[in-house]
Amino acid sequence: MSLPRVCYEIFVRSFCDSNGDGIGDLNGITSKLDYLQDLGIEAIWLTPIHPSPSYHKYDITDYYAVEPEYGTLEDFRRLLSEAHRRNIHLYLDLVVNHTSTRHPWFRAASTGTATPYRSFYWWMTQQQIEKRGIGRRQLTADSWEANPWHEVAGAPEKYYGMFTHSMPDLNYDSPLLREEVYKIVDFWLNEVGVDGFRLDAARHIYPYWEKDRNPVFWEEFGKQVEIIKPGTYTVGEVWADAHEVAPYFKGLKANFHFDLSYALQQILLEGTHKNLVSKLRDDYSVFRSSNPAFIDATMLTNHDQNRIGSVVEGDVARMKLAAALLLTLPGQPYLYYGEEIGMLGKKPDERIREPFIWTEDRHDPQRALWIRPRYSRRGTVRPLSRQQPDPTSLFNHYRQLIRLRKAEPALAQVQQPNLAEARLPNDSLLAYYRTHSERPVLIIHNLRGMAQTVHLAGTMQNYRNVLFSTDASVGLQKDTIQLAPYGSVILV
Ligand SMILES: [Ca+2]
Ligand SMILES: [Ca+2]
């Protein structure tokens, strides 16, 4: 199967419930594969599906099993084979920066120094911690834990858990641990048959005082994975700027582009182009220096960020603009589930992970109920069932743009991003070319909430056909084109 061009992140607990217990599950996802295929999705990233005491499951107690709330290994195998039947790849969330404190490794490790599992984690006395000056960490976008050292009652040594006390960090100086992780990877790739992994907390594998070792670790990991199953896809969560992300491309095929996510949000909020194209081209050249075959994994937001719908205050016109930006820029875009129907949500985390709204039926049995929604309710978000028949809906806007992205060679290109600046005299317009030897494409976005007329000059006049317009009534007249408020056009 070829490299997926459009991907979709599912927060499993909230997507679709198949058995009426109110918790989204694997069979629920299987029942929605036709929906995802119709939307045009080619790969799915599932948030963790392994047994875990938390609702989000990012603290795992058994890497070989499926969380009973979500189903069984058989359910997972069926989901995978049904996905493959529709040419949809499946990526698991590999959370190996830390385990749950309830994982058998940690239970054994915390009993004392006599067990081989002791070396799987980081242990230090208060004196050692102070001597090295590592008692407090700087807060980062992904962790607000200032005191990463946690006590085991009655023991002299503390363990390191940078996210929280219930998530002890694994210590990759242990060769035995590395072996265990490769066994896990082998099991899911070869015994089960998944297509790849999203690597959680990739920049935290080694703690901040040894952070230069992280890209080196992933380089070894990448080599091992290539031996275990050649061609496996990997995408890293390296929540940092482009310069820090770049070296991770030596080991990982793709990395998420958080800088771009922020830049797009700024553009949507301020209504000016912020030199996006030249910034992106700079990022590409930084990534290219690490690996010319890098895959730029893009998103508006993910399960750790305020939803794009709330960033633009529920304004559907700007959600359409956001989608048009994401789906016409280079890269391998990831939609966050529900984004395509305009779901809303602001932190705390639970609030950006609310249940998908499939129908207007208030007793819709597919709808997850594990949390009472505050932002994404039937009154604030149009259910999918009402958007599907409406050609002007946000859902159909996504669907149409995805189709175009896959069909148009200049838009479909994932590797070696083909992006060039197209200059317009007004900074509330953002224009760029997706270059191509035979069929280049010109894209123009109106970043303002009022209509604008664009005069096409110079080489822009070569683009005579409208492939897409947010407002279907808009056309090209001689050398001018009308852009609806927050509207986008794609010309060829
Ligand atoms: Ca369920
Ligand atoms: Ca770590």
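Numbers at a glance
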item: Leading residue by the ranking (farthest from residue 316 (Cα to Cα)) among those in segment 428-478 that are surrounded by fewer than 19 Cβ atoms within 10 Å (Cβ to Cβ) and among the aliphatic types (A, V, I, L, M); result: 457
item: Enumeration of residues in segment 403-430 that are outside any helix (DSSP H, G or I) and out of contact with any helix residue (DSSP H, G or I) (no Cβ under 8 Å at 6 or more places or on another chain); result: 408, 413, 414, 415, 416, 423, 424, 425, 426, 427, 428, 429
item: Extreme residue, farthest from ligand 1 (Cβ to nearest atom), among residues of segment 9-23 that are more than 23 Å from residue 402 (Cβ to Cβ) and not acidic (Asp, Glu); result: 13
item: Residue match in segment 75-87 (condition: more than 16 Å from ligand 1 (Cβ to nearest atom), assigned by TED's automatic domain parsing to the domain that holds residue 191 and surrounded by 19 or more Cβ atoms within 10 Å (Cβ to Cβ)); result: yes
item: Residue check for residue 18: away from ligand 2 (no atom under 16 Å from the Cβ) and modelled with pLDDT under 95; result: no
item: Pick from segment 437-492, criterion on the phi > 0 side of the Ramachandran plot and in a loop (DSSP other than H, G, I, E, B), ranking: modelled with the lowest pLDDT; result: 478
item: Residues of segment 180-203 classified as of a type in the set (Gly, Ala, Ser), under 23 Å from residue 216 (Cα atoms) and either away from ligand 2 (no atom under 16 Å from the Cβ) or assigned to a helix (DSSP H, G or I) (or both), total; result: 2
item: Helices (runs of 4 or more DSSP H) enclosed by segment 60-174 - at least 1 residues per element that are touching a strand residue (DSSP E or B) at 6+ places or on another chain (Cβ under 7 Å) and under 30 Å from residue 40 (Cα atoms); result: 73-85
item: Qualifying residue in segment 102-123 (condition: under 21 Å from residue 235 (Cα atoms) and among the β-branched types (Val, Ile, Thr)); result: no
item: Criterion violated by residue 376 - all others in (1) within 28 Å of residue 279 (Cα to Cα); (2) part of a loop (DSSP other than H, G, I, E, B); (3) of a type in the set (Ser, Thr, Tyr) satisfied; result: (1)
item: All positions within segment 84-126 that are among the β-branched types (Val, Ile, Thr), within 16 Å of ligand 2 (Cβ to nearest atom) and more than 30 Å from residue 30 (Cα to Cα); result: 101
item: Filter pass, residue 41 being within 16 Å of ligand 2 (Cβ to nearest atom), farther than 19 Å from residue 354 by Cα and under 23 Å from the mean Cα position of the chain (by Cα); result: no
item: Pairs with Cβ under 6 Å, 6+ apart, first in segment 156-179 and more than 9 Å from ligand 2 (Cβ to nearest atom), second part of a helix (DSSP H, G or I) and at pLDDT 95 or above; result: 168/106; 174/119; 174/120; 177/120
item: From the options 41, 60, 49, residue that is within 16 Å of ligand 1 (Cβ to nearest atom) and either at pLDDT 95 or above or more than 15 Å from residue 336 (Cα to Cα) (or both); result: 49
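The values are calculated or read from the model by the stated rules, or taken from the named source; none is laboratory data. Model, not experiment: these values are computed from the prediction. Cβ coordinates were reconstructed from backbone atoms using ideal geometry, including for glycine residues, and neighbour counts include every protein chain displayed.
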